[in-house]
1. So the label point sits 7 Å from Cα along the Cα-to-Cβ vector; using that for B:Ser159, what distances do you get to the other copies, in nanometres, sorted shortest first?
2. Count the net charge of all other residues whose Cβ sits under 9 Å from the Cβ of A:Ile28, scoring Lys and Arg as +1 and Asp and Glu as -1.
3. Treat each spin label as a single point 7 Å out from the Cα along the C-beta direction, and report the B:Lys207 to B:Glu110 distance in nm.
4. Nm distances between the label at A:Glu92 and the same-position labels in the remaining copies, 7 Å along Cα→Cβ, shortest first?
5. As a check on your grasp of the helix formula, calculate [θ] at 222 nm for chain A: sum -39500 (n - 2.57) over DSSP H runs of n ≥ 4, divide by the residue count, round to the nearest 500.
6. Fewest to most neighbouring Cβ within 10 Å: what's the order for B:Thr258, B:Thr269?
7. Tell me, A:Glu155, B:Glu60 in order of fewest to most beta-carbon neighbours within 10 Å?
8. Would you list the P(r) distribution for chain B, with all Cα-Cα distances sorted into 10 Å bins from 0 and each bin expressed as a whole %?
Number of protein chains: 2
Amino acid sequence: MHALVYTDTKKLIYREEKNPKLLNGESIIKVSASGICGSDMHAYHGHDNRRIPPLILGHEVSGVISKGKDIGKKVVLNPLITCGTCNYCKKEKEHLCPKRIILGMNRPIERQGGFAEYVSIPDKNIYELPKNLKMQEAPIAEPCAVALHAVELGENELSLQLKDSKALVIGAGAIGLLCGLILSKVKKCKEIVIIEPNDNRLKESLKYLDADGLKPNSKNIHRDHFDIVFDTVGLEVTRQQAIQSIKPGGIIIHIGLTQPSGNFDFRKTTLQEITFIGTYCYTNRDFEKTLNILNNKEIGALEWIEYRNLKEGASAFKEIHDGKCTSPKIILLI
Amino acid sequence: MHALVYTDTKKLIYREEKNPKLLNGESIIKVSASGICGSDMHAYHGHDNRRIPPLILGHEVSGVISKGKDIGKKVVLNPLITCGTCNYCKKEKEHLCPKRIILGMNRPIERQGGFAEYVSIPDKNIYELPKNLKMQEAPIAEPCAVALHAVELGENELSLQLKDSKALVIGAGAIGLLCGLILSKVKKCKEIVIIEPNDNRLKESLKYLDADGLKPNSKNIHRDHFDIVFDTVGLEVTRQQAIQSIKPGGIIIHIGLTQPSGNFDFRKTTLQEITFIGTYCYTNRDFEKTLNILNNKEIGALEWIEYRNLKEGASAFKEIHDGKCTSPKIILLI
C-alpha cells in the first residue's frame, strides 16, 4: 500500500509499505480521510517519545471496512485503543486506561496510523459513519471528542451554568475552534473570547464562531475576568495568560501539550482557589456523543476544514510548521 | 496594652502599643490565646506583601469580650473579614470575597492582629467558645477550618469515597497534621501516608495520626499511586513530589504558599487528567463545622500543641525558623 511515513525529524516520505495483517477481533479499513493533529506535528518536530520514526502517523480516520466483519460499511474510527478490563475502563474512564494506545504511535506498543491506504483497528473502535456526516469530514470526530470532553470537564466544575459564564479560549487551532463552537452552539455560552496570534487564522475562526477575537497582547483581555479558560496551546506563556485572566474560584482546562513544563504562578492558584485540570482525550461515551453532535449539525458547517491528497502530505506538514496554514485543520484524502 | 510587634524582617518586639478603639458593629476582645501560623512565619521572613512592618501579627485567636455586645462571653474568632454583600459572599463563598482581609494584615487595609492583649473584630466574626474546647486550644479552630475546607474540596472532586482512597499528605506542620487527622478520624480514610523531612516532627505527628510516616526521599513513596495528594508545604519540590505520586485521574490539593512559583510538569497533568486545586482559606460554614468537630473531640486530643507566653513570642518564632520546634503548632498565651 501507499503510506506517508514519518522517517526523521521534519521528514515525511510517501512510499510503499506493507499492508496491515488482519488480526483476531480487528478489521482492516480502507482509509478515505485522515486528519493532521497537533500531536502529529509534535512528533514531526521530534518532540514525542511515543512516536519514534519510522512510523505512519495519523489517528483521525474515516474509511470503509475492507476486511473483517461488515465489509463495505462506511465507518469512522475511535483511535483510542484500551484494555477494556482495568478499573478505569470498567468505570467508563477509558481515557485513563494505563494500557491505552492511540493509532499512529509506536511506544509502548506499535500501532501504525491512518496516513496510509489501509489501517488495522479493533472492531470495538469502529463506529458507523453518521448519515449526515460526509466521509471526508468525519475525521473531525476525534478532535471534536477531545473538545467535548474538555468543555464538559469544565462544565462539571463550574458553580454556574456554561450559558451564563464568561469563557476564554486560548488558541484558534482545531481544538480551540472546536471548544469555542461547542461552548457557543451546543452549550449556548454567550460571552466567548478567543485569542490567536496568527491574524489570518483568527479571522478564519471568527467566520464560524460567535466570539470576540483578540491578539495575545491585546489590552482587552481583562485580568481576573473569566469563569473558565481553555488553554488549547499549552505553552508556558499561554498558561501564564490563563492564570492571569481567570476569576477567583475559576476553572482552567489545559489541553495543549506543546511545552511540557515551565514556570507557573501557584500563588494565585492558591489564594484565589483556582482549579486547574489537564486533559487531551475522551471516553467512548464522549466519542458517541460527538458523532450525534456532528450528525445533528450542532456545531454548524465544517467549511473551515482544508483538504489535500495524502501524497502531498509532506508539504501540508511543512505549511503548518511554517505558520502559513490559515485553516485550523487539514485532512488528507487517500 | 502589651503586644508582640513585627518591626522588621526576623524581628519581633514585645512592647507597649495603643489599645484598639471600639468601632461600630465590632467588639474588643481580651485575647487569651493566639496561635503562630505559617503565614506569620512567611511575614517574619519578609516575604509577605500583605504584612508590612510595623504590624501586630496573629489571626488564630480566642479570648473574652471586653467591650461591645455580650461582655464577658468566652469566644473564638473567625479572622476572615469579608464584605458580606458581593456575589461570592452571597453564595457562601466568603473565602473568595475580593474585599476579604485577615486579622494581622495591613495591606490593602490595616487590621492589627491577635499577638496582643486586645484586638478589635466585627461582631459577625465572633463565635462562642464550644463547651468542650479549652480556651487555650481554641485558636486551632482556624487552621482546622483551613484543613477541613481543603479535605472537603478534594472529597467533592473524587470519584470514590475518601474512606476508600489512598491519601498522601506532604508536610507534618499544623495544616498537614490537621488534614491527616480529618482524613483519618472524620472521613475514615484508612490509607494515609505523611511525608516530613524533620525526624522529630514526623515522630510527633505519628503519635496522634494513624498513618505511615516517610521521609521525602523514601523509596516507599510510590509513583502514580495516590488518589489524592495534599501539598501543605507549597515548594517547587513538594509540587513535583505531588505530581509524581498522584494516580491518573487523581486530585492534588495545594495549600502551601511557601514558594509562589516554580517549574511544574504539565505533561503528566494533561496526559493523566490530573486536577490541581489551590486553597488556603475556608467559608463561614466551614468554620462553624470545625467548631462542632472540635467540640465533639472528633480529631482526638490536641496534646500536640505547645504553649508559650506572649512575651516570649520572639524566641518562639526564632525556634520555628531554626527548625528546632518539634510541635506542629505553638500557641502564645496572654
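1. Distances to the matching label points in the other copies: 2.5 nm.
2. My count for the surroundings of A:Ile28 gives +2.
3. Distance between label points: 4.2 nm.
4. 2.9
5. -7000 deg cm²/dmol
6. Values: B:Thr258 18, B:Thr269 23.
Exposure proxy ranking, most exposed first: B:Thr258, B:Thr269.
7. Numbers: A:Glu155 18, B:Glu60 29.
Lowest count first: A:Glu155, B:Glu60.
8. With 10 Å bins starting at 0, P(r) equals 6, 26, 35, 24, 8, 1.
Read-outs throughout are calculated quantities, based only on the coordinates presented, and are distinct from any laboratory measurement. Computed from a prediction, not measured in an experiment: that's the story for all the values here. For neighbour counting, all protein chains shown are included, and Cβ atoms are generated from backbone atoms with ideal geometry for every residue, glycine included.
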